[in-house]
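This report refers to the structure that appears directly beneath it.
The values are calculated or read from the model by the stated rules, or taken from the named source; none is laboratory data. Keep in mind that what you see is a predicted model, and the values were worked out from it rather than measured. All Cβ positions, even for glycine, are placed from backbone atoms using ideal geometry, and neighbour counts span all protein chains on display.
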Amino acid sequence: MAHIVGGLATSHVPSIGTAIAKHETETPYWKPFFDAFKPVHTWLDQTKPDIAVVLYNDHGLNFFLNTMPTFALGAAATYANADEGWGIPVLPSFTGEPRLSWHLANALVDKEFDIATCQEMLVDHAFTLPMKLMFPNAGDRWPVKVVPVSINSIQHPLPSPHRCWKLGNVIGEAVRSWKSDAKVVVVATGGLSHQLDGTRAGFINADFDRFCLDAIVDHPGSLVRLSTAEIIEKAGSQGVELMTWIAMRGALPNEVSHISSTYHVPVSNTGGAVLLLDTASQPSAAPERVEHRVEA
Ligand code: DHB
Ligand code: FE
């Protein structure tokens, strides 16, 4: 059976792509965020996953307000990126794993998740930049196949934290029941707290972000119990991207090893966070926890 080797969660602001393109990753502003991926690279070198199931939210590249699925599952052989207008280079296409996609589709529909299945799907910065952060030297051949899962975080009504947790539960069970010896990493992208519009534009809640970084590891129930409105109140209207983290955690077993977490604020308009969990039950060492605050 396929094996989930771990879970990675990261923020996904478009300016990560510009920082890479402009060779600014070592500047004081960006270095702490990019350094958060050093333990991730070590872990990826050791675990060598074959497939990434990526929980993210599309921001208008593939779905727009006229057609907005609550949950959309990629079932394509390849996924292209395209220009979103942020000024970031378009990244090479990703190879899909349709056999796992359809296995997930069967399991999800069987468990009453009526997902949209997408045999054509463009993937935006929320998908591509975390992949580039994980595999900075990939060139045009990514070392993993991918299954994208988009969770609507854009147009209300949004799925609740509890619904996203259950989605993760079903994805996790389905991966573990897939007849394959593939190693799968579950990736979540988005958050943490941020609000890009309205009277609270620029809102970041570092205390809540720190709470989330602990809760995701040790007591996800305290996030799963929140309503969507409570997440928005605490994390901002785009902080609902936290739903992807909740779904990722739901796909993992209860017992996980906390490999690393980094919190760096601000990264563009967000509380920038990176968290790595391994499914081996015993941590080999205390987790590496790093925190930075850059004053505006
Ligand atoms: C920013 C954050 C996002 O989640 C996003 O999708 C786009 C921009 C930002 O902070 O700039
Ligand atoms: Fe976003």
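The set of residues in the range 1-57 being charged (D, E, K, R) and touching a helix residue (DSSP H, G or I) at 6+ places or on another chain (Cβ under 9 Å) consists of Glu24, Glu26.
So is Phe37 under 17 Å from the mean Cα position of the chain (by Cα), within 16 Å of ligand 1 (Cβ to nearest atom) and closer than 20 Å to Gly271 by Cβ or not? When the stated conditions are applied, Phe37 does not pass them. Within the range 202-230, how many residues turn out to be outside any helix (DSSP H, G or I), in contact with a Ser or Thr (Cβ under 8 Å, 6 or more places away or on another chain) and over 19 Å from Ile154 (Cα atoms)? Summing the residues that are outside any helix (DSSP H, G or I), in contact with a Ser or Thr (Cβ under 8 Å, 6 or more places away or on another chain) and over 19 Å from Ile154 (Cα atoms) in the range 202-230 gives 1. Would the range 188-199 turn up any residue that is in a strand (DSSP E or B), hydrophobic (A, V, I, L, M, F, W, C) and within 16 Å of ligand 1 (Cβ to nearest atom)? Yes, that holds for at least one residue.
Among what's in the range 231-274 and is in a loop (DSSP other than H, G, I, E, B) and within 15 Å of the chain's Cα centre (by Cα), pick the residue that is nearest to ligand 1 (Cβ to nearest atom). Here the residue is Gln238.
Among the residues of the range 87-101, the ones that are surrounded by 14 or more Cβ atoms within 10 Å (Cβ to Cβ), of a type in the set (A, V, I, L, M, F, W, C) and out of contact with any Gly (no Cβ under 6 Å at 6 or more places or on another chain) come to 3 in all.
Which of the following residues is modelled with pLDDT under 95 and either away from ligand 2 (no atom under 16 Å from the Cβ) or assigned to a strand (DSSP E or B) (or both): Asp140, Asp181, Asp114? Break it down stepwise before answering.
On the way: Asp181 fails: modelled with pLDDT under 95; Asp114 fails: modelled with pLDDT under 95.
None of the other options fit; the residue is Asp140.
Selection within the range 40-96: residues that are in a loop (DSSP other than H, G, I, E, B) and of a type in the set (S, T, N, Q). The member of this set that is nearest to Ala116 (Cα to Cα) is Thr70. Looking across the range 219-252, the residues that are away from ligand 2 (no atom under 16 Å from the Cβ), in contact (Cβ under 8 Å) with a residue 60 or more places away in the chain and within 23 Å of Val175 (Cα to Cα) come down to Val224, Arg249, Gly250, Ala251, Leu252.
Of all residue pairs spaced 6 or more apart or on separate chains, those with beta-carbon atoms under 7 Å, a first member in the range 180-191 that is among the hydroxyl-bearing types (Ser, Thr, Tyr) and a second member that is away from ligand 1 (no atom under 16 Å from the Cβ) and assigned to a loop (DSSP other than H, G, I, E, B) are Ser180/Ala2.
Among residues belonging to the range 165-195 that are more than 19 Å from the chain's Cα centre (by Cα) and not basic (Lys, Arg), point out the one that is surrounded by the fewest Cβ atoms within 10 Å (Cβ to Cβ).
Taking the range 165-195 and keeping what is more than 19 Å from the chain's Cα centre (by Cα), we get 176-182.
Imposing the further condition that a residue be not basic (Lys, Arg) reduces the set to 177-178, 180-182.
Numbers: Ser177: 11, Trp178: 20, Ser180: 16, Asp181: 9, Ala182: 20.
For the range 165-195, the residue satisfying everything is Asp181.
Out of all the residues in the range 18-29, is one or more within 16 Å of ligand 2 (Cβ to nearest atom) and touching a residue at least 24 places away in the same chain (Cβ under 8 Å)? Scanning the range 18-29, I find at least one residue that is within 16 Å of ligand 2 (Cβ to nearest atom) and touching a residue at least 24 places away in the same chain (Cβ under 8 Å), so the answer is yes.
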